[in-house]
Each structure stands twice: as structure tokens, then as C-alpha cells.
Amino acid sequence: MSRTGITATAIRIPSVRPLQIAIFICLVLSPYVPAWMLSAGMVSVVVLLAADPFSRGPAPLLMPGAGLFFLILAVGLAGSPGNATYDIAKDVWYVGNALLTLLLGYLIVRRTKDVQAIFLTMALAAAVVSLAHVMHFVIDPSLLLQSLTDIRAQAGTGYLISAVGVTLALADLRFRLGIFRSRWLLGAVAVLCLASIVLSLSRTAWLVLLTLTSVTALNVSFSNLVRAGAALIPAIALLLMAAELDLPAEGPAESPTFSQKVSASLRELRVSEYETKAEINRHWRGFESYRSLQEYGAGSTLGRIFGKGFGSFVDLGFIMTLADEEFDRIPVLHNGYLYLLVKTGLAGLTAYLLYLVLLFRRGRLLTSMPDAQTRFSGLLLIALTVVMIETTLVIAGMFNRDWVYPATLLTGVLLGHSESVPRKDGRGHDDGAAAPGAA
């Protein structure tokens, strides 16, 4: 090896490997450590990246779409005077933590320029997290005979990163990306992650896996996605109509089976004013959404545009007891769209939807590139955008601090990667990499 090669390697090791370790630690610890602790760690890494004296240039802190998050924060804070400081700070954290997670992934890939190494890091983290989940059942096989509620209480609800691991393994086979150095490693990651998803008994985990694999591993084109979406509209309409039917419950609400939860998925989301406690418990997300819309509709015209502000609550209309604590209002919602609508109005909700559009457009751009890795990155970014659309409806999407965290971090990574890909001008010539912050 030449002296120049040795020097290049020596420079590359401290700039790449520590950041891969940082991503690995964040992903592995995210299901187990308090969310505030993870946020503090991410702040430390972002500050170090911004102040790194050994970098070749200033860190591009203004990632694409950051202004939309700042708009949400500004609108929420503008309507917050009069609300409790702690409640305001908590809402700022919910929104700010999503921005921080995206920024961390964005800065790391912009510094390392090696998205494939990050894919491998995420796959290994997925395998470790999945193994920890599967070991609950290896140590105590009798868990499989217990109720869904007891299984989740002891072994957890599964993890989104497992779906990411399966997706990366299948994509490595489909696109021959070379993410995994050996087939046994690829197989081990795929088996562990899939086993975790099966044992999680999670509807959302299966939905995420189906979304990620159908868009990436099957190499679905944009035109086919549009056609599939158009074909699904009648089916979705029929399902929504079925959800409006007052069908009898299939079992006790306290301990439903996995099949019962799957069959009742749409009914749980039906927006309505439920009266009995049993109906409210069985359709909590629908009841929560109903009360949120009532809260939003009761506001003034200005309130509908800019919301009630951070620190505001949704009135339940009755006193509810949970974990020996009584409350009659809730600060956060499962439905992230309604969370933004109540607290930041149409302005905040529109900003979030525009950010999803930005992600989709970036994914489209990457899919037009000739090399397989970049095309896969584009498809994965599109798939993650769809995942965010889905999960925002049921578990707050990007504003979910733990379960959706890996998807948010990977979205930031892919957004940063899109900034490093050369653009093509109108004549098909290379126009250089996009400027930081370009939309």
C-alpha cells in the first residue's frame, strides 16, 4: 500500500467508524432507554458533528425541509401563552425530537458519504434488537400459550427496525448491493428479524413490513404505485364502509386475540361518540379522534388556522382512570394528524404534509439514477414516506419517540444521501450535487 493510501485510510477510520457506532448504539438502545436520554445523546452527536475541526467544510445543519418543522414549532409556541410551561416544553420536545432525529441521520451520511455502511449498521442493529426479543420466547416457551396482553407485557410489542432488517436483506438479494459480506450473515439477519415480527403479534409491524418490501424488494415503479393506488381506492372505500357497520365484538376487550385485533382494526379507528366504557375502550382511537375534532371545531377561525398552541389538551368529557391515576383530558394523541391540527391548526398540518411531499419527491429523484444502490435508496425513501403516512394515523408517525424512531433516523440518512447524488440538468448532463438545504 502506498503512503498516500495509508494516509487516506487513517483519515477515513475516525470519520466513519465512530458515526456508525453512534447509529448502532442509538438503534439498539432506543427501545430500552428513556426517550429524553436518547435525545440528549443525539444532541451531543449533532453538536460534535457541527463543531468537528477535522472536517473539510462546515456541517450542513440546514437540511431540506427543516423550515417546515420550524414553522410547526413557531405556530405551536405562538399559541402557547397561558398554558403550563411543562406541557409546552413537552410538545416542543415531541416535534423537536423528530427534527433532531432526522438531522442526526442527515448529518452522519453527509459526513461519511457511505450509505451502504449505514445500511449494514442498521441491519446489524435490527438483528441484535430482534434477537433480544426472540430470546424471551426461547427462555420461556410457555409465553406462546398466554394471552396477547400477557405476551406483550412480558416480551414487548416488537420493533419496527425488524422490518427494516428484513427489507435490507431482501433488497441486497434483489439489487445485489453488497451490503452483507456473506450469505450466512444475510440469512441470519433475515431469519432473526422475521421471527421477531411473527412473535410480536403486531398489526403495525406487519403493515410496515408489507409496505417496505412491496415498494423496495419488488422494485415497484412510480407508475405502478399510482395504478395500484387507483385500484385500491374502491377496496379501501368498501373497508371503510364495513368499519361503519355496528358489528358485534368478537371477544372481551380486556384480552383480545391477535386475529380479533386484526379483524377489528378498522372498527377501532371509526370516529364516533361512544357512550359506554366498554365501547370507548374497544374503540379508543376512534373516540380520541372524535373528541379531537370536537375540540378543533369549537375554536375560532384563527384557532382553526393556527390551533390551540403547545401545552393545550383535548377534553375527554369524562373522568378516566388509568394506572390508578384519574384524568379528564389528554395532551397527546395516537393520530399525529389530529395532534398537529389541534395544536398548530391547518398551518402546522399543512407544513407536515408538505414535508412528506418533499420526501416523496426526493425518493422519485433517486429512483431515476442509473446505479442500483441509489435507485434502491430512492425506493426505500418512498416506502418510508408511505410508512410515515400510515403510522401517523395510528401511532403519531415521526412524533412517536420510540417505535417509529428507526424509520425517522433512516429517513434522515436517505435525505442526506439524496443531497450527495449528482443532479441532471435539462439536457441530461451532470449538474453536480445538490446544494445543502435545496428542495
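The values are calculated or read from the model by the stated rules, or taken from the named source; none is laboratory data. These figures come from a predicted structure and were not determined experimentally. Cβ atoms come from the backbone with ideal geometry, glycine included; neighbour counts cover every protein chain shown. To get the accessible areas, we keep the full protein, side chains included, count just its heavy atoms, and leave off ligands, DNA and RNA. Shrake-Rupley method; radii C 1.70, N 1.55, O 1.52, S 1.80 Å.
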Contour excess over end-to-end distance, with Cα ends at Arg174 and Arg361 and 0.36 nm allotted per residue: 65.0 nm
With a 1.4 Å probe and every protein chain left in place, tell me how much accessible area Val92 has, in Å² to the nearest 10. 50
For Ser420 and Leu143, extending 7 Å from Cα along the Cα-Cβ vector and measuring point to point gives, in nm, a value of 3.7
Cut-off under 5 Å, modelled amide H: who pairs with Met320 long-range: Phe327, Asp328
Filter the trypsin sites (Lys or Arg not before Pro) in segment 111-181 to those in DSSP coil with at most 15 other Cβ atoms within 10 Å of their Cβ, and list the result. Lys113, Arg176, Arg181
Going 7 Å from the Cα of Val92 along its beta-carbon direction, which residues of segment 382-412 have the amide nitrogen within less than 20 Å of the resulting point? 399-401
Quick one: which residues, 5+ away or cross-chain, put their amide H under 5 Å from the amide H of Gly79? H built at 1.01 Å from N. Phe310
Counting only the heavy atoms of the protein chains, how much of Leu100 is accessible to a 1.4 Å probe, in Å² to the nearest 10? 30
Under the Karplus relation 6.51 cos²θ - 1.76 cosθ + 1.60, θ = phi - 60°, what is the ordered set of whole-Hz ³J(HN,Hα) values for segment 125-138, x standing for Gly and Pro? 4, 4, 5, 5, 5, 5, 4, 4, 6, 5, 4, 4, 7, 5
As an exercise, use a Förster radius of 56 Å and the Cβ-Cβ distance of Arg181 and Ala298 to find the FRET efficiency, rounded to the nearest 0.05. 0.40
HN-Hα J couplings of segment 149-161 from phi, Karplus 6.51/-1.76/1.60, θ = phi - 60°, integer Hz, Gly and Pro as x? 4, 5, 4, 5, 5, 9, 10, x, 9, x, 9, 4, 4
